[in-house]
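Participant: Can you keep this structure in mind? I'll have questions shortly.
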Amino acid sequence: QGQFVESGGGSVQPGGSLRLSCSVSGIRFRFYVMEWYRQAPGKERELVARIAPGGGTDYADSVKGRFTISRDNAKNMVYLQMNNMNPEDTAVYYCRALTAANNFWGQGTQVTVSS
């Protein structure tokens with residue numbers, strides 16, 4: 001079972017930036033699709049960004065052009081660079097590792113965008 005350590009969350013003003021990191025151990029990281037999800041209060045958890053083992057990426061329409069997902073297979077790390085943030089980005093952000101057979105979730109990190 002995978003172990004996840006998420007970091008980088010916090011509070012930022014509208015227009016600001018944050019970088020989330022997710023350190024993963026206990027799985028063969030390079031074979032996993034890595035995803036960032038978020039869940040705002042009273043809303044369903046939603047997919048924010050996805051990166052395939054080979055580096056291909058997908059984004060939710062709401063974050064395209066503002067967020068960038070990346071991975072370092074040598075360090076078992078996945079990142080989410082978030083720029084030009086707005087209050088609608090406020091949520092708990094979760095890291096997820098996925099294959100056809102398994103999926104594992106991190107514990108989440110709070111991101112708050114407020115003036």
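Participant: Given the Cα-Cα distance of ASN103 and SER17 and 0.36 nm per residue of separation, how much length would full extension add, in nm?
Facilitator: Full-extension gain reported as 28.1 nm.
Participant: Would you mind getting the accessible area per residue of the stretch 29-71, heavy atoms of the protein chains only, 1.4 Å probe, in Å²?
Facilitator: 54 Å²
Participant: If you average the sequence gap of Cα pairs under 8 Å that are 6 or more apart and divide by the length of the stretch 53-93, what percent do you get for the contact order?
Facilitator: Working: 25 pairs, mean separation 12.2, N = 41.
So the answer I get is 30 percent.
Participant: Could I ask something else about it? In whole Å and largest first, what semi-axes does the C-alpha gyration tensor of the stretch 29-89 yield when each eigenvalue is scaled by 5 and square-rooted?
Facilitator: Values for the stretch 29-89, descending: 22, 13, 10 Å.
Participant: Right, another one. Please compute the contact order of the stretch 1-91 in relative form: average sequence separation of alpha-carbon pairs under 8 Å and at least six residues apart, divided by the residue count, as a percent.
Facilitator: In percent, rounded to a whole number, it is 32.
Participant: Still on this structure: What percentage of the solvent-accessible surface of the chain, computed with a 1.4 Å probe over protein heavy atoms, is contributed by carbon and sulfur atoms?
Facilitator: 45 percent
Participant: Tell me, what is the Rg over Rh of the chain, with Rh the Kirkwood radius over Cα pairs?
Facilitator: 0.95
Participant: Also, quick follow-up: Distances longer than 20 Å among the Cα atoms of the stretch 1-69: what percent of all pairs is that?
Facilitator: Values: 859 of 2346 pairs.
When all Cα pairs of the stretch 1-69 are counted, 37 percent exceed 20 Å.
Participant: Given H placed 1.01 Å from N in the peptide plane, which residues other than close sequence neighbours of MET85 have an amide H under 5 Å from its amide H?
Facilitator: When sequence neighbours closer than 5 places are left aside, the close amide H contacts are GLY15, GLY16.
Participant: Something else about it: Evaluate the distance, in nm, between pseudo-label points positioned 7 Å from the Cα of VAL5 and of ASN73 along their respective Cα→Cβ axes.
Facilitator: 2.3 nm
The values are calculated or read from the model by the stated rules, or taken from the named source; none is laboratory data. Worth saying up front: this structure is predicted, and the values here are computed from it rather than measured. With ideal geometry, Cβ positions are generated from the backbone for all residues, glycine too; neighbour counts draw on all protein chains shown. Areas reflect the complete protein model, heavy atoms only, side chains present, ligands, DNA and RNA absent. Shrake-Rupley method; radii C 1.70, N 1.55, O 1.52, S 1.80 Å.
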